[in-house]
Amino acid sequence: MTQQISFTSIIESSAKLPLVHVDRAKFLTGNLSKFCTPLQVQKAINDGTLHADIPIETLDSLANAVINSETIKVTLISTAAGMPGGWAMAATIPADLAQFYGFVIRIAQELAYIYGWDEMFSESKDLDVNTESQLILFIGVMSGVSAANKIVTKLFGETAIKAVAKKVAAQTLTKTWYYPVVKKIAALLGQRMVKSTFASGVSKAVPLIGGAVSGGLTLVTFKPMALRLKNHFSKMAHMSPDEFARYEDSISADIEEPEINDEVVNLSLENTRTDFWVCICGAESKGKFCSACGKMKPAGIPQYKCDKCSWEPDDKYNPPKFCPKCGDPFDDGDIVQA
């Protein structure tokens, strides 16, 4: 079975699921009240956390705690128990995919609010063009798309820092200037999703209906994605206004558009899979349990490809510490399949 699906349709369907929207005021009140004074909490809600005299280290600590909490939720909560009744809204895409990106959208909102973002959803909870575009940009940062990093940096100055930096205050950014690039990023993310996940048969490693999201998929995909966004926000939040202005100046005025082939991609759901998996003890196995040590096969096993020069190791499960072609270290950013 093959169907055509765009990345924006995944975001739109996932955003309709219950528990995906985060109430900014409620979220900030519930979390900041543990570390801040009532005055700081109210200032954070009204003007953003970066204007509430809250140490950035406190925001970093809170962000890490939220990431850990959401990672546990996305790992353990089943579709039936976690989001009752919501899957009828996402009937056109696999249920596990909708649930995964539902949690991605949720953590993206929480991290944005921690680092000074305004409310993203309207009172009607509808996913308007601006909200959808920002979510795609956040996911682009999570996925290592450089163009998304640059746009989010400019939006950070406009949204979180606001008039603090003179360079930002002098700009007259609108809500539409980045839309054309967002479309390119969405198409690129769609292609990456197909190539790195479903085209390799991982869709069969996770139950499509009624099951929990794969623990392996979560550990090697969700948490590293969330940490990339958190680290980008934190890096900018730690800067003084002058430092941020210089950092923003270092970004090309004309943000390059990522190269893609088509905005709509084919989502493969064929019953394909890798021939073997590699246990943490190093043994290769084909069954549900390791033939050497007896450990159960994880639901998702990371495979690697250099994200700088596209070099692929002969054993994709066990790459060298550094790429022999360009010298780039292998890390979470080089994972192409989970």
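The values are calculated or read from the model by the stated rules, or taken from the named source; none is laboratory data. Just so it is clear, the model here is predicted, and its values are computed rather than measured. A quick note on method: Cβ atoms are made from the backbone with ideal geometry, for glycine too, and the neighbour counts reach across all protein chains shown.
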On the given criteria, is residue 169 at pLDDT below 65, more than 17 Å from residue 12 (Cα to Cα) and more than 18 Å from the chain's Cα centre (by Cα)? yes
State which residue pairs qualify: first residue within 26 Å of residue 54 (Cβ to Cβ) and inside region 116-144, second residue in a loop (DSSP other than H, G, I, E, B) in any location, beta carbons under 6 Å apart, and separation of 6 or more residues or different chains. 116/48; 121/21; 131/120; 131/121
Considering only region 197-216, I want to know if a residue exists there that is at pLDDT 60 or above, touching a Ser or Thr at 6+ places or on another chain (Cβ under 8 Å), surrounded by 14 or more Cβ atoms within 10 Å (Cβ to Cβ) and assigned to a helix (DSSP H, G or I). no
Considering region 135-160 alone, what residues qualify as being within 12 Å of the chain's Cα centre (by Cα) and more than 16 Å from residue 307 (Cβ to Cβ)? 135, 136, 137, 138, 139
Does any residue of region 125-141 turn out to be part of a helix (DSSP H, G or I) and farther than 21 Å from residue 13 by Cβ? yes
Quick check on region 25-33. Is at least one of its residues closer than 19 Å to residue 156 by Cβ, of a type in the set (A, V, I, L, M) and at pLDDT 90 or above? yes
Given the structure, is residue 97 among the hydrophobic types (A, V, I, L, M, F, W, C), modelled with pLDDT under 85 and within 16 Å of the chain's Cα centre (by Cα)? yes
